[in-house]
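The values are calculated or read from the model by the stated rules, or taken from the named source; none is laboratory data. Model, not experiment: these values are computed from the prediction. Glycine also receives a Cβ, built like all others from the backbone with ideal geometry; neighbour counts cover every protein chain displayed. Only protein heavy atoms, including side chains, enter the accessible area calculation; ligands, DNA and RNA are left aside. Shrake-Rupley method; radii C 1.70, N 1.55, O 1.52, S 1.80 Å.
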Amino acid sequence: METTLTGLDRLLDREARLDQLEPGPPREIAWQPVHTVYVPADKVTERVVSDWGHAATELLHKHLFTPTELAALFELDADLATPVHDRLRKKLAVEPIEDLRVDFEDGYGVRDQSEEDGHVESAAAAIAAMRAAQTLPRRWGLRVKSFADGDPQRSVRALDGFLTAVVKRAGELPRGFTVTFPKVLVEAHLGQFVRCLEALETALGFEPRTLRFEMQVEAPQTVLMLQRSADLVASLGGRLAAAHFGVFDYTAAIGLPPHEQRLDHPACDYARNVMQTVFAGTGVELSDGSLAAAPASESAEDVNGLLRRHSALVRHSLSNGYYQGWDMHPSHLISRYATVYAFHLALYEDYLERVRAWEEQREGVGGVLDEPATIKTLVAALARADHALC
């Protein structure tokens, strides 16, 4: 005899059943860049993206010309090295940077006001030129100075001048813009920054909520603030797009010795876990920090050592659910993309088979019986892989 529940189950198609699975990430995974590249404002030119791509390609050709060399350096299976190497070469030629940030904070330093105003104009001109040449990354923006530095007017001045100049030169605000708000030590600064964004929208004639921002989590006070705030995301009116972890400020603030200021330190894992817990299910993207190192020379030993170290940090981030990080040198593009591609390609077919097995109500590979929550994360992982590998 057919029960009522069985009859109802037959009415549920694949899409509806997946949407009802709890808990887990949302089924729809929007595109998220695998990295943010930040460049001091005075170093940003209309060729910055292509220059980084050319520099990374030269290193690749010199040190990792073949898939075999790539496999040896990054400890990849031979059958995985070829597709990873092929995608890497194409990526560096077509889209070396997915997310570009013009930096007016730590990477830029403190300059005379007139000098900074000049770099605001030159950086805006570079953005407009990249837009015209169709080389502007899919995500782009600037990092302003922190309100915690005691001069919020200077921070807003740079943002206002930059936006005004970009719109004047490009005729509109190109898609993909965001602004990074660093060193958030008190929640009040977030509210103040949101009001500044609202005022700029009005002055520039933008649609409401055109301007969104990323907050940087760089201090123990920030982690405590996140833990105490029950409705942080809601209180910011949909303006908060992402939270980025700042490894060096954070590890220095908690007193770690210099040689332990690294992304894979357990103290950093704790801070990132707090970020994951607070922002779970909110739609706020998460990004890990950076490796503040470049090859000491062009020798194979120095270049390969740097690439191997950076790759290990990227793998650590990926394995802990952080699918984006910060890159500071063209060499990082090689290890970033190679590690990301290998991470997603290695398990793609296995994940796909497990989802199919669940849909067909049969055992997966190796007799695995996946829980509904795991199926939802598998579907999300496949979507995320599709975005990263495209």
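On a 0 to 90° scale, report how tilted helix 266-279 is relative to the longest principal axis of the chain, with both axes built from alpha carbons and the result rounded to the nearest 10.
80 degrees
Two-decimal Rg/Rh of region 75-188 from alpha-carbon positions, Kirkwood Rh?
Numbers: Rg = 17.8 Å, Rh = 16.0 Å.
For region 75-188, the value is 1.11.
For the chain, report the convex hull volume of the alpha-carbon atoms normalised per residue, in Å³, without decimals. Can you show the working numbers first?
Numbers: hull volume 64.2 nm³, N = 390.
Each residue corresponds to 165 Å³ of Cα convex hull volume.
At what distance in angstrom do the alpha carbon centres of region 30-102 and region 169-243 lie from each other?
Cα centroid to Cα centroid, the span is 30 Å.
Quickly rank 31-41, 64-74 as a protection proxy: mean count of other C-beta atoms within 10 Å, highest first.
Working: 31-41: 22.3, 64-74: 18.0.
So the peptides 31-41, 64-74, ranked by packing, come out 31-41, 64-74.
How far is helix 187-204 tilted off the main Cα axis of the chain, in degrees rounded to 10, range 0 to 90?
70 degrees
How much of Thr377 can a 1.4 Å solvent probe reach, expressed as accessible area in Å² and rounded to 10?
About 60 Å², rounded to the nearest 10.
From the helices alone, meaning DSSP H stretches of at least four residues, give me the mean residue ellipticity at 222 nm for the chain, per-run term -39500 (n - 2.57), in deg cm²/dmol to the nearest 500. Mind showing how you got there, number by number?
Numbers: 15 runs with 215 residues, N = 390.
Value at 222 nm, helices only, nearest 500: -18000 deg cm²/dmol.
Using alpha-carbon pairs under 8 Å, 6+ residues apart, how would you state the relative contact order of the chain in percent?
Values: 561 pairs, mean separation 79.8, N = 390.
Dividing the mean separation by the residue count of the chain yields 20 percent.
Once the cut-off is 23 Å, how many percent of the Cα-Cα pairs in region 213-343 end up in the long-distance tail?
Details: 3030 of 8515 pairs.
Everything past 23 Å amounts to 36 percent.
Using heavy-atom solvent-accessible surface (probe 1.4 Å) with all chains present, what is the largest-first order of Trp326, Trp358?
Final ranking, largest accessible area leading: Trp358, Trp326.
With axes computed from alpha carbons, what is the tilt in degrees of helix 113-133 against the longest principal axis of the chain, rounded to the nearest 10 within 0 to 90?
Roughly 50 degrees, rounded to the nearest 10.
List the lysines whose Cα sits under 24 Å from the Cα of Lys90, skipping any in the same chain fewer than 8 residues away.
Of all the lysines, those that pass the test against Lys90 - Cα under 24 Å, at least 8 places apart if same chain - are Lys62.
Around Tyr337, with a cut-off of 12 angstrom between Cβ atoms, what is the net charge of the other residues, counting Lys and Arg +1 and Asp and Glu -1?
On the way: positive: Arg87, Arg89, Lys90, Lys91, Arg336; negative: Asp86, Glu95, Glu98, Asp327.
Value of the local net charge: +1.
Looking only at Cα atoms, what is the convex hull volume of region 138-231 per residue, in Å³?
Values: hull volume 9.5 nm³, N = 94.
Once divided by residue count, the hull of region 138-231 is 101 Å³.
Determine the principal axes of the Cα atoms in region 276-320, then give the extent along each, sorted from largest to smallest and rounded to whole angstroms.
Principal extents (largest minus smallest coordinate, Cα): 45, 17, 11 Å.
Residues with beta-carbon under 12 Å from that of Leu389, excluding Leu389: net charge, scoring Lys, Arg +1 and Asp, Glu -1? All intermediate terms of the calculation are to be shown ahead of the outcome.
Working: positive: Arg87, Lys90, Lys91, Arg384; negative: Asp86, Asp386.
Neighbour charge sum, excluding Leu389 itself: +2.
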